[in-house]
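Accompanying notes for the structure given below.
The values are calculated or read from the model by the stated rules, or taken from the named source; none is laboratory data. Keep in mind that this is a model prediction, so the values were computed, not measured. With ideal geometry, Cβ positions are generated from the backbone for all residues, glycine too; neighbour counts draw on all protein chains shown. These accessible areas exclude ligands, DNA and RNA; they are computed on the full protein's heavy atoms, side chains included. Shrake-Rupley method; radii C 1.70, N 1.55, O 1.52, S 1.80 Å.
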Amino acid sequence: MSEAVVLYVWPGEWDLPSLDPECLTALCYLKYSQIEHTVQVVEKHWDLLKNSLPRLTFKNEVYSGIDEIIDFIKQNKNDEFLLSDKNYPDMLAILCLFKQKFIPAFNALCWLDNENTYSVIRKAYGKHLWFPFSLIKLKSIADNAKNVIMSGYRSSHVQFESINQHILYESKECLNIISTKLGENLFMFENKPSLLDAYLFGYLSVLYKAPFINSALKSHLLASSNLCSLITRIQREQFPIDKEEIESKRVKELASRMKFLSWLNFFSVKSWFKQTSSSTTSKLTEIEEWEKRKSQLIALSVALSAMIVYAFAIGFIRIDVIKTDVEYVEKN
């Protein structure tokens, strides 16, 4: 292609090139398609808020979301990338199974499981979204994930808690089928990569790498050694870890946190005492001193309130609501 193909993705986390499974799927599929492209990691908070990711641009066209990006790649990929007519329908069938059975359970773990949602996923995404962007964006993602999961059930009154175990069971069975099909092969079909392998890497790598807490789904994946080997091999071959880049990213994050803390230090009690002593030396009147201290107390209160709200936004502080008497409704 004479003009540049640019793929915009979420920033990386857990030694992965992106923390988002759909972004990872698009990255992997583009790599295998041999289409020349540039990867642009989106770090601007406003861009992360208003635009959906992954996003691909070519010429004057914009392709938003994994489905549009995959359609673009299929229309422009190398012919050697195609599977045979015999295996292509089988690949699509297993991919359909993966989307219907595994991805809902994965999304439930990420966005509806309170412990992992706030301790792992919201914490990771929240690092790249300032308040109040994190509240708006992450709530939108969580609501969409829940709506997609619940749309497959008949009653509008069904609660997620009543179907969670059923979703988990189906996802485990799906992984068993995929693991059996993979066997000792390098890839799922013909020992060459396909769209299914890209999807497997996109979702299973996050499940494998992210520090999920007490996750039965992750434990089941870890028991499938061939799937873990597939994830590790794809990352090693296509997305090798750059230790220098990871270290520079950590230094950048630390510098950002220190900058935020230094700003808050202006409103700290220590700063208050320093300014109080300087006010004494400058011989301010008692009324002026009181007005100054009052302003500092107000500013400190505002800063502390903002910190508490931000802590709720990233999940550092949370309130768990326990619901009982849930109804079970069978799936279509």
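Screening region 56-87 for residues that are free of Cβ contacts under 8 Å to residues at least 40 places away in the same chain and hydroxyl-bearing (Ser, Thr, Tyr) and picking the one that is surrounded by the most Cβ atoms within 10 Å (Cβ to Cβ) gives 63.
From the list 27, 53, 7, which residue is surrounded by 13 or more Cβ atoms within 10 Å (Cβ to Cβ), under 18 Å from the mean Cα position of the chain (by Cα) and in a loop (DSSP other than H, G, I, E, B)? Write out each step before concluding.
Values: 27 fails: in a loop (DSSP other than H, G, I, E, B); 7 fails: in a loop (DSSP other than H, G, I, E, B).
Residue meeting the stated conditions: 53.
Might you let me know whether region 144-164 holds any residue that is at pLDDT 90 or above, closer than 18 Å to residue 21 by Cα and among the polar types (S, T, N, Q)?
To start, the set of residues in region 144-164 that are at pLDDT 90 or above comprises none.
Checked region 144-164: no residue is at pLDDT 90 or above, closer than 18 Å to residue 21 by Cα and among the polar types (S, T, N, Q).
Exactly one residue among 245, 173, 237, 184 is open to solvent by 60 Å² or more (accessible area, probe 1.4 Å), at pLDDT 95 or above, charged (D, E, K, R) and at negative phi, and that residue is 173. For residue 192, the criteria (1) in contact with a Ser or Thr (Cβ under 7 Å, 6 or more places away or on another chain); (2) farther than 21 Å from residue 114 by Cα; (3) at pLDDT below 95 hold in every case but one, which is (1). The condition of being β-branched (Val, Ile, Thr), at pLDDT below 85 and surrounded by 17 or more Cβ atoms within 10 Å (Cβ to Cβ) does not hold for residue 120. The combined condition, being within 19 Å of residue 175 (Cα to Cα) and either in contact with a Gly (Cβ under 7 Å, 6 or more places away or on another chain) or open to solvent by 40 Å² or more (accessible area, probe 1.4 Å) (or both), is not fulfilled by residue 109. Listed by first and then second residue, the pairs linking a residue in region 195-210 that is within 19 Å of residue 71 (Cβ to Cβ) and assigned to a helix (DSSP H, G or I) to a residue that is of a type in the set (D, E, K, R) and open to solvent by 10 Å² or more (accessible area, probe 1.4 Å), with Cβ atoms under 7 Å apart and 6 or more places separating them unless they lie on different chains, are 202/22.
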